[in-house]
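Shown next, in structure tokens, is the structure this report addresses.
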Amino acid sequence: MVCTNKHGHCTVEIIVELFGLAKMATGRSEISIRLPNISSAKDAINALGTHCKELNGIALSNDGSGLMESYTMNLNGDMFLDDRTVTFKPGDRILLFSSQAGG
């Protein structure tokens, strides 16, 4: 975890695992992104859309600001991400997959 100022605002490196079309579009099974340790799925989506534009129009909306309707994100296989904030820890993994095809 990297703390960027005296107020303790920290960022963490998160691994995003890609499945299905997202994996095929990027040619990668994992992408590393950096997020504030207290973030939401929207923050993760924005970081992913900026870092990996190949996902825009496939798993992410064309402008990278949201998920395509059939996609979902899961944190560590334990919980689905939504608009609520989450405290991310180093080593956390976000799974990005199609909810219709099961990834």
Per residue, what accessible area does the chain have, given a 1.4 Å probe and all protein chains present, in Å²?
56 Å²
Zone residues, segment 40-77, relative to residue 29, backbone N less than 19 Å from point 7 Å out along Cα-to-Cβ
74-77
Total charge of the residues flanking residue 35 in space, meaning their Cβ is under 14 Å from its Cβ, with Lys and Arg +1 and Asp and Glu -1, is +1
7 Å from Cα along Cα→Cβ at both residue 78 and residue 15: what's the point-to-point distance in nm?
1.6 nm
Considering only the other residues whose Cβ falls under 13 Å of the Cβ of residue 13, what net charge follows from Lys and Arg at +1 and Asp and Glu at -1?
+1
Skipping prolines and chain starts, which residues have an amide H placed within reach, meaning under 5 Å, of the one on residue 37, given they are 5 or more residues away or on another chain?
10, 11, 12
Under 5 Å between amide H atoms, partner at least 5 residues away or on a different chain: which partners does residue 66 have, H built in plane at 1.01 Å?
61
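The values are calculated or read from the model by the stated rules, or taken from the named source; none is laboratory data. All figures in this text were calculated on a predicted structure; none of them were measured in a lab. Please note: Cβ atoms are built from the backbone with ideal geometry, for glycine as well, and neighbour counts cover all protein chains shown. Ligands, DNA and RNA are stripped out before the accessible areas are found, and what is left, the full protein with its side chains, is counted by its heavy atoms. Shrake-Rupley method; radii C 1.70, N 1.55, O 1.52, S 1.80 Å.
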